Amino acid sequence: MVKTEVTAHARHTQILESDWPSRILKSVFGLPGFRGQQQSIIEHIVDGGDAIVLMPTGGGKSLCYQIPAICRPGVGIVVSPLIALMRNQVDILRQLGVRVATLNSSLTGSERHKAKAALRDG
């Protein structure tokens, strides 16, 4: 098993430790534990499964795609119809040290170019 310090860029680890999502929850997001079905959803996605998650506003859906995106190799793509929510989440993730970009219709040509370059660069 590969031992790696938990960081926002932990997804580059070759072998995923079973407690990786919990460690990321604590070290990156500063939260003590998962709520409701978050842990089982996250573990399912980290293991390569697909999921459609329905939760009420404030129920913790964001962590259900943010943590797997940090854990898994490559680029995580999240499709959201709410530009304001995307901006808010991108700002928060950047403050937490997660490499993240947004691509939406409100961006200038230069901003779109930067976002696409960031995606290509991983």
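Where a number appears in this text, it was derived from the coordinates with a stated rule and is not lab data. For clarity, every value in this text was computed on a predicted model and none was experimentally measured. Neighbour counts run over all protein chains shown; Cβ positions are idealised from the backbone, glycine included.
Here is how the numbers come out for the structure above:
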{"quantity": "Filter pass, Ala69 being loosely packed, with under 11 Cβ neighbours inside 10 Å and either part of a helix (DSSP H, G or I) or hydroxyl-bearing (Ser, Thr, Tyr) (or both)", "calculated": "no"}
{"quantity": "Residues of segment 101-122 classified as assigned to a helix (DSSP H, G or I) and either in contact (Cβ under 8 Å) with a residue 40 or more places away in the chain or crowded, with 18+ Cβ neighbours inside 10 Å (or both), total", "calculated": "1"}
{"quantity": "In segment 72-115, the residues that are polar (S, T, N, Q) and more than 22 Å from Asp50 (Cβ to Cβ)", "calculated": "Asn88, Gln95, Thr102, Asn104, Ser105, Ser106, Thr108, Ser110"}
{"quantity": "Yes/no for Val98 being surrounded by fewer than 17 Cβ atoms within 10 Å (Cβ to Cβ) and part of a loop (DSSP other than H, G, I, E, B)", "calculated": "no"}
{"quantity": "Subset of segment 46-61 that is in contact with a helix residue (DSSP H, G or I) (Cβ under 7 Å, 6 or more places away or on another chain), part of a loop (DSSP other than H, G, I, E, B) and hydrophobic (A, V, I, L, M, F, W, C) - its residue that is nearest to Ile77 (Cα to Cα)", "calculated": "Ala51"}
{"quantity": "Enumeration of residues in segment 72-95 that are touching a residue at least 12 places away in the same chain (Cβ under 8 Å), loosely packed, with under 14 Cβ neighbours inside 10 Å, within 21 Å of Trp20 (Cα to Cα) and not aliphatic (A, V, I, L, M)", "calculated": "Pro73, Gly74"}
{"quantity": "Candidate set from segment 40-66 (those that are surrounded by 11 or more Cβ atoms within 10 Å (Cβ to Cβ) and among the aliphatic types (A, V, I, L, M)); member that is farthest from Ala118 (Cα to Cα)", "calculated": "Met55"}
